[in-house]
1. Spot the failing condition for Phe38; the list is (1) open to solvent by 20 Å² or more (accessible area, probe 1.4 Å); (2) at pLDDT below 95, and only one is missed.
2. What strands (runs of 3 or more DSSP E), lying completely within the stretch 323-379, carry at least 2 residues that are at pLDDT 95 or above and open to solvent by less than 10 Å² (accessible area, probe 1.4 Å)?
3. Out of (1) closer than 27 Å to Lys41 by Cβ; (2) assigned to a loop (DSSP other than H, G, I, E, B); (3) open to solvent by 10 Å² or more (accessible area, probe 1.4 Å), what's the single condition that is false for Thr277?
4. What number of residues within the stretch 98-114 satisfy the criterion of being away from the ligand (no atom under 16 Å from the Cβ), open to solvent by less than 10 Å² (accessible area, probe 1.4 Å) and assigned to a loop (DSSP other than H, G, I, E, B)?
5. In the stretch 94-120, which residues are more than 22 Å from Pro29 (Cβ to Cβ) and in contact with a Gly (Cβ under 7 Å, 6 or more places away or on another chain)?
6. Taking only the stretch 115-139 into account, find how many residues are polar (S, T, N, Q), assigned to a loop (DSSP other than H, G, I, E, B) and away from the ligand (no atom under 11 Å from the Cβ).
7. Ser156 fails exactly one of the following numbered conditions: (1) within 18 Å of Arg84 (Cα to Cα); (2) out of contact with any Gly (no Cβ under 7 Å at 6 or more places or on another chain). What is the number of that condition?
8. Working only within the stretch 145-160, note down all residues that are among the polar types (S, T, N, Q) and away from the ligand (no atom under 11 Å from the Cβ).
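The values are calculated or read from the model by the stated rules, or taken from the named source; none is laboratory data. The model shown is predicted, which means the values in this text are computed figures rather than measured ones. Reconstructed Cβ throughout: ideal geometry from the backbone, glycine too, with neighbour counts over all protein chains shown. Quick note on the areas: whole protein, heavy atoms, side chains included, nothing else; ligands and nucleic acids left out. Shrake-Rupley method; radii C 1.70, N 1.55, O 1.52, S 1.80 Å.
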Amino acid sequence: MKSRFAIVFIVASACSVMAADPTSAATPPMGWNSWNHFACKVTADDVRAAADAIASNGMKDAGYIYVNIDDCWQGDRDEQGRIRPNAKFPDMKGLVDYIHSKGLKAGIYSSPGPKTCARYEGSYQHEEQDAQQYAEWGFDYLKYDWCSAEKVYQHSDMIAVYKKMHDALARTGRPIVFSLCQYGYERVWRWGASVGGNLWRTTEDINDHYDRMSVIGFDQDGLESFAGPGHWNDPDMLEVGNGGMNHDEYITHMSLWVLLAAPLLAGNDLSKMSQETLDILTNKDAVAVDQDAKGQQGRRVAQEGPLEVWAKPLADGSVAVGLFNRGESVNPITVNFKDLGIRKQVQVRDLWQHKSLGSFDGSFTVQVPRHGAALLKVQ
Ligand code: GLA
């Protein structure tokens, strides 16, 4: 096991790109998105039900604010070229007003191409009009998904294509969080902030299986210098509660995402959620790691085969630490404090159990189940 931690974090802060407005998305956006559970079946009622759930089940208090409609809301364009919602969304303004009445914010989705990924109407050659329409409806967030832009643009056009929509959004005068979705092409983390992106997908799509989630999550190491307040790497939305992973695997998913300072967009059916799922999503100690004011994305600090130790420095000088067992049987995992740049005695707190484990010198070891994780705060 090898320590690169202290040097890497000094370099990381110096390299951070700071072009995006840091007053918008100062911490990673949190909320819900319709895609992972509802996909193209989503209706306005599903979105209302999600808003109702967030406002009443503790998620809003935990910081989940955005209620985001993904693909499949679009109808055709009218004679002036204005985009109209389809029959599943009969009153978009009413829906957004409803979300706002709950003290929440609303998100919408489009593509710079002629069609979205699900072949609904995209914003190609209607960017200005669409941005104005989203602002008129009252939206606060746009996910802009490359999809069929592949057919009408080159990859070398990508920066200009995303900037075009950012500028159109800016001209509406309404603050709208801008979420780039182009699967990490062209090393988007290097230029996403310069086109006004508040977050950018770094990978292809997640799904509700441990193998896919873990490949995406554990592959994020090395991108930490590109994230910070106002501009975040986005390893895709949460699958917690969708049923394809067991409890330990969802604990890994959430632990890893909070250490990555990832946007936390729940992707399950919030109106039919188990207490166990809600507890994972709303664990305040875990969410606080994600939302920490320092805005420093964590990284891998040690690895021994399938056992990994990740760390994220926090604003109060402490360090959040994840001990991950990617192996197929229970294993003890040790964090050596020198890998965190710490040589003194420390207090260790277990963030999933909400309990202090005492003070330790040199290292701390815990048994971690197959595909599971421990999430600690070391102070
Ligand atoms: C792409 C995106 C997904 C989702 C779908 C919708 O695959 O990466 O997150 O938005 O399109 O069609």
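1. So Phe38 meets the others, but not (2).
2. 331-336, 346-350, 373-378
3. (2) is the only condition that Thr277 fails.
4. 1
5. Those that are more than 22 Å from Pro29 (Cβ to Cβ) and in contact with a Gly (Cβ under 7 Å, 6 or more places away or on another chain): Gly113, Pro114, Lys115.
6. 2
7. Failing condition for Ser156: (1).
8. Passing the criteria: Gln154, Ser156.
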